[in-house]
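Colleague: Take a look at the following structure, please.
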Amino acid sequence: MAESERRQFVKFNFFKVAPEWRFLSEQERTDGKRELSAVVDECSTHMFIRSFSMVGIRGDADFLLWQACDTLEELQDMMTSVYKTQMGRYLQQPYSYLAMTRRSQYVGEHRHEGQEGTSVRIRPGEAKYFVVYPFLKTREWYVLPSEERQRMMMTHINTGHKYPSVKINTTYSFGLDDQEFVVAFETDSPSDFVDLVMDLRATETSLYTLRDVPIFTAIRRSFDDTLDSLGG
């Protein structure tokens, strides 16, 4: 199978730093951040990793690592290395979502800048802001005739066309994790994203949404800057 055709595992790892970490000496915090950053840098040589800060945005998570790779073992090995670091002792993981890439059954040969569905590899953009949430549809959705679902999804997709500044990354969790999808949006305009979501609420597909929370809004930063945003 060609590399471009291999589906990836995708992980959204949310971390909260224990309050005790901020009581360490400045040198201990600096050394701990440097050690953890080295682990992430090394893992970045063989997997996709992007970091985001949520300090001051959400109270139950401080930062996010968005990862993609070809095996579950790579994800597990990285977390083992993270937890072995000095700073790893102070990291809690309040949320963690596992998914895989997959071609959308509704998009087909459709192409539109800012919309995904035609690739089985993560193709990240360069936007500053990132919004992620797990997603579940009702069971009634899946027993609708395929033509009916396709009709409603095209309305959903066409609504997204109104907001080319918002790029969607849809990943699939069926059988792997508690949710069915994890959707991740990249944008430089949070206001466009708010308007998009409001418009989507008025589409027919929203009647079949069972759950789409919690929602995480994050700011893209280098991993060193992400760690520095924690204070200390």
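The values are calculated or read from the model by the stated rules, or taken from the named source; none is laboratory data. Just so we're clear, the structure is a prediction, and the values are computed from it rather than from any experiment. Cβ placement follows ideal geometry from the backbone for every residue including glycine, while neighbour counts extend to all protein chains displayed.
Colleague: Within the range 61-77, does at least one residue satisfy the condition of being surrounded by 18 or more Cβ atoms within 10 Å (Cβ to Cβ), hydrophobic (A, V, I, L, M, F, W, C), touching a residue at least 24 places away in the same chain (Cβ under 8 Å) and assigned to a loop (DSSP other than H, G, I, E, B)?
Modeller: Taking every residue of the range 61-77 in turn, at least one turns out to be surrounded by 18 or more Cβ atoms within 10 Å (Cβ to Cβ), hydrophobic (A, V, I, L, M, F, W, C), touching a residue at least 24 places away in the same chain (Cβ under 8 Å) and assigned to a loop (DSSP other than H, G, I, E, B).
Colleague: Next question. Taking Val120, is it modelled with pLDDT under 95 and touching a Ser or Thr at 6+ places or on another chain (Cβ under 9 Å)?
Modeller: Yes; evaluated as a whole, the condition is true for this residue.
Colleague: Oh, and also: Starting from the range 209-223, take each residue that is assigned to a helix (DSSP H, G or I) and list its partners that are of a type in the set (Gly, Ala, Ser), counting only C-beta distances under 7 angstrom and pairs at least six apart or across chains.
Modeller: Phe223/Ser37; Phe223/Ser51
Colleague: Here's something else I'd like to know. Which condition from (1) outside any helix (DSSP H, G or I); (2) of a type in the set (Ser, Thr, Tyr); (3) touching a residue at least 24 places away in the same chain (Cβ under 8 Å) is the one that Ser37 breaks?
Modeller: Single failed check for Ser37: (1).
Colleague: Search the range 180-208 for residues being touching a residue at least 60 places away in the same chain (Cβ under 8 Å) and of a type in the set (Asp, Glu), and hand back the single one that is surrounded by the fewest Cβ atoms within 10 Å (Cβ to Cβ).
Modeller: Applying the filter and picking the extreme gives Asp188.
Colleague: Restricting the search to the range 22-49, which residues are touching a Phe, Trp or Tyr at 6+ places or on another chain (Cβ under 6 Å) and either modelled with pLDDT under 95 or surrounded by fewer than 19 Cβ atoms within 10 Å (Cβ to Cβ) (or both)?
Modeller: Selection gives Ser37 alone.
Colleague: What residue, among those in the range 149-179 that are more than 22 Å from the chain's Cα centre (by Cα) and without any contact (Cβ under 8 Å) to a residue 40 or more places away in the chain, is surrounded by the most Cβ atoms within 10 Å (Cβ to Cβ)?
Modeller: Arg151
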